[in-house]
Amino acid sequence: MPKLLGAKLKVKSAPKLNGVVLYEGPSVLDGAPIVVVATFKSSNVKTGDMVQTWIIRSDMHPLEALKQGADSSVCGNCVHRQSKKGACYVTVHQAPAAVYRTYKAGKYPAFNLADHAALFAGRKVRLGAYGDPAAAPFTVWQTITDLCIGHTGYTHQARHKAFDARIASLCMVSADSPRQATKYQKQGFQTFRVAMAGDSLMSGEIECLADSQGLSCLQCGLCDGKKQSVAITVHGTRAANFSTALVPAVNI
């Protein structure tokens, strides 16, 4: 039967895109298979609604990676890894596990600049909601940060033999003691230092504005590896596991 003139056709809306795969390949840190996924909606109050990126093993569930110590592929030699009974606050059984399941279900398309650039335009991105950005090639992050209006990121891999120092142009170098922070700052890096309650700020540091002013990372934007060294009081559900005794000795 011919359609009446002026009749409206029902058009299905395009499915909502929750995330994209930015990288699949070997970890820069140990060569094991990893995947980097960007997701576009976040309810994280501390960061605000930034694009979140997740660096996980592509061949095993994140909890299995913890159990086997295979999280070194995405977290490197970080002393706070949960597989080492460290102070990392990420609840791996929640968001990282959900991202892994969705990735394995094939629901994240591979990033394509022509199709997906608009999803990053006008947004700020968090490099490494789980996992260390240094586990993925620098060019992955450079492509995304070039599209966004701002970003935050942290790396614990400045001492790793495979560390690409260009990562520090996009990320804060994590420090767990004043001595460690001093060493990295002398190398030209901006540092993000975890401090014990009651510790004093070092010269050139500012207290994390989440603590001092209640700002979200989205509102602040200091932690982009370029602006300012920052210190924050140890926090998170596993804060009691933090100890300066775990911090590797450094020569200055």
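Restricting region 42-66 to residues that are part of a loop (DSSP other than H, G, I, E, B) and touching an Asp or Glu at 6+ places or on another chain (Cβ under 7 Å), the residue that is surrounded by the most Cβ atoms within 10 Å (Cβ to Cβ) is 58. Within region 132-145, restricting attention to residues that are out of contact with any helix residue (DSSP H, G or I) (no Cβ under 7 Å at 6 or more places or on another chain) and under 20 Å from residue 47 (Cα atoms), which residue is surrounded by the fewest Cβ atoms within 10 Å (Cβ to Cβ)? Selected residue: 145.
Of all residues in region 159-175, those satisfying the criterion of being over 19 Å from residue 129 (Cβ atoms) and surrounded by fewer than 23 Cβ atoms within 10 Å (Cβ to Cβ) are 159, 160, 161, 162, 163, 164, 165, 166, 169. In region 144-160, is there at least one residue being free of Cβ contacts under 8 Å to residues at least 60 places away in the same chain and part of a loop (DSSP other than H, G, I, E, B)? Yes: one or more hits. Within the option set 87, 7, 14, being in contact with a Lys or Arg (Cβ under 6 Å, 6 or more places away or on another chain) and at pLDDT below 90 holds for one residue only, 87.
Taken as a whole, the structure leaves residue 30 outside the set of residues that are in contact with a helix residue (DSSP H, G or I) (Cβ under 8 Å, 6 or more places away or on another chain), free of Cβ contacts under 8 Å to residues at least 60 places away in the same chain and over 19 Å from residue 123 (Cα atoms). Whether a residue is of a type outside the set (Lys, Arg) and surrounded by fewer than 19 Cβ atoms within 10 Å (Cβ to Cβ) was assessed, and residue 221 passes this test.
Say we look at region 186-204 and pick out the residues that are under 23 Å from the mean Cα position of the chain (by Cα) and surrounded by fewer than 20 Cβ atoms within 10 Å (Cβ to Cβ); which of these is modelled with the lowest pLDDT? Within region 186-204, the match that is modelled with the lowest pLDDT is 196.
Hey, can you tell me all the residues within region 17-27 that are assigned to a loop (DSSP other than H, G, I, E, B) and either out of contact with any helix residue (DSSP H, G or I) (no Cβ under 6 Å at 6 or more places or on another chain) or of a type in the set (Lys, Arg) (or both)?
17, 18
The values are calculated or read from the model by the stated rules, or taken from the named source; none is laboratory data. The structure displayed is predicted, hence computed values, not measured ones. Because the Cβ atoms are built from the backbone with ideal geometry, glycine has one as well, and the counts that use them run over all protein chains shown.
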